[in-house]
Amino acid sequence: MAARKKSSGSRRYGKAASKRVESAMRRRKKGTLKSGKGGKGGKVKSRKQAIAIGLSEARKKGAKVPRKSSGRKSSGRKSSARKRK
């Protein structure tokens, strides 16, 4: 029996969310995953887009998925305006 690593804190994504993403990935591979409302959009070929669709579906079903980040975060550097003496 392999020793399991204890996770600190709770899971970020619920099991239901990972199932939805798995399903979306399979549909992408099969060629049946579509983007857009009602599946009228084009076929999805991108791996990242498939993951995004899976997470979006999970959110709609009420699965545990972290909130979308609103915009990019800065790298921690402040503006280049420095005080000179």
Worksheet, complete the sentence: Pairs returned, first residue in segment 41-57 that is within 12 Å of Lys29 (Cβ to Cβ), second residue that is of a type in the set (Val, Ile, Thr) and assigned to a helix (DSSP H, G or I), beta-carbon separation under 9 angstrom, 6 or more apart or interchain, are Val44/Ile53; Ala50/Val21
Response to the item:
Selection over segment 46-65 where residues are in a helix (DSSP H, G or I) and among the hydroxyl-bearing types (Ser, Thr, Tyr) yields a count of 1
Worksheet item: Is at least one residue of segment 31-44 exposed (fewer than 10 other Cβ atoms within 10 Å of the Cβ), at pLDDT 90 or above, basic (Lys, Arg) and in a helix (DSSP H, G or I)?
Response: no
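The values are calculated or read from the model by the stated rules, or taken from the named source; none is laboratory data. Predicted, not measured: the structure shown is a model, and the values here were computed from it. Using ideal geometry, Cβ is built from the backbone for each residue, glycine included, and neighbour counts are taken over all protein chains shown.
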